[in-house]
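Chemist: Would you mind keeping the following structure in view while I ask a few things?
The values are calculated or read from the model by the stated rules, or taken from the named source; none is laboratory data. From a predicted model like this one, the values you see are computed outputs, not experimental measurements. So basically every Cβ, Gly included, is an ideal-geometry build from the backbone, and we count neighbours across all protein chains shown. Remember, those area values only see protein heavy atoms, side chains included, never the ligands or the DNA or RNA. Shrake-Rupley method; radii C 1.70, N 1.55, O 1.52, S 1.80 Å.
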Amino acid sequence: MERINEAVRAGRIDTAARLADETLEQAAQALGAEHPEVLRLRELTAYIAYLAGEPLRAFRLSLDLAVVCRRAGDTEAAYGNVRSAATAWRGVRDPLLGLELGHDLIALWTELASEGGPAADEEEELDSARARMDRLTTRARDLR
């Protein structure tokens, strides 16, 4: 983890991404895919993917983490990962792909908000995501 963080701080994002992927794979094999340390590594890997200009990968990693955290009953961590996924989603420029990803994001986000907790406390964030879906729908329609 220290080498990964050093690479990020030094701006060597490609190196950080490679190290994060390798470390994540090794940790998942040794500890299991849902071990807390592996989950932290997955969050770090998603963040690095975002820094590396890979919003799709960052989105998928973050949304998958949100599902895992929700299943474990950690609504705060689940919502944090939903927020990370939303940030990455905003970096996806293809409107059709954005719509596809947005449906998954908003479905999970809506479920979390209906259960109370931090997602319910920030309804305006979910409304903002829904507004982006409207804009993406218009852009996708204009492409046809």
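Chemist: Taking Q26 as meeting all but one of (1) surrounded by fewer than 17 Cβ atoms within 10 Å (Cβ to Cβ); (2) in a helix (DSSP H, G or I); (3) in contact with a helix residue (DSSP H, G or I) (Cβ under 9 Å, 6 or more places away or on another chain), write down the number of the exception.
Modeler: (3)
Chemist: I've got another one for you. Tell me which residues, restricted to the range 67-79, are in contact with a helix residue (DSSP H, G or I) (Cβ under 8 Å, 6 or more places away or on another chain) and not charged (D, E, K, R). If you could, list the steps in order and put the result at the bottom.
Modeler: Going residue by residue through the range 67-79, those that are in contact with a helix residue (DSSP H, G or I) (Cβ under 8 Å, 6 or more places away or on another chain) are 67-70, 75-79.
Within the range 67-79, V67, V68, C69, T75, A77, A78, Y79 qualify.
Chemist: Out of the residues in the range 53-95 meeting the condition of being part of a loop (DSSP other than H, G, I, E, B) and among the aliphatic types (A, V, I, L, M), tell me which one is farthest from the chain's Cα centre (by Cα). Can you show your working first?
Modeler: Filtering the range 53-95 down to residues part of a loop (DSSP other than H, G, I, E, B) leaves 53-54, 72-74, 91-94.
Checking the rest, the ones that are also among the aliphatic types (A, V, I, L, M) come to 72, 92.
On the way: A72: 17, V92: 12 Å.
Filtering first and then ranking leaves A72.
Chemist: A further question follows. For the range 6-23, what are the residues that are exposed (fewer than 14 other Cβ atoms within 10 Å of the Cβ) and either assigned to a helix (DSSP H, G or I) or in contact with a strand residue (DSSP E or B) (Cβ under 6 Å, 6 or more places away or on another chain) (or both)?
Modeler: Within the range 6-23, E6, R9, D14, E22 qualify.
Chemist: Let me ask another. Checking the condition open to solvent by less than 10 Å² (accessible area, probe 1.4 Å), aliphatic (A, V, I, L, M), at pLDDT 95 or above and within 21 Å of V8 (Cα to Cα), which residue from A129, A78, A49, A66 passes? Walk me through how you get there before you give the answer.
Modeler: On the way: A129 fails: within 21 Å of V8 (Cα to Cα); A78 fails: within 21 Å of V8 (Cα to Cα); A66 fails: within 21 Å of V8 (Cα to Cα).
One residue alone meets the criteria, A49.
Chemist: Cβ-Cβ distance below 9 Å, separation of 6 or more or different chains: which pairs start in the range 28-41 with a residue that is within 18 Å of S62 (Cβ to Cβ) and touching a residue at least 12 places away in the same chain (Cβ under 8 Å) and end on one that is among the β-branched types (V, I, T) and open to solvent by 60 Å² or more (accessible area, probe 1.4 Å)?
Modeler: Close Cβ pairs satisfying both conditions: none exist.
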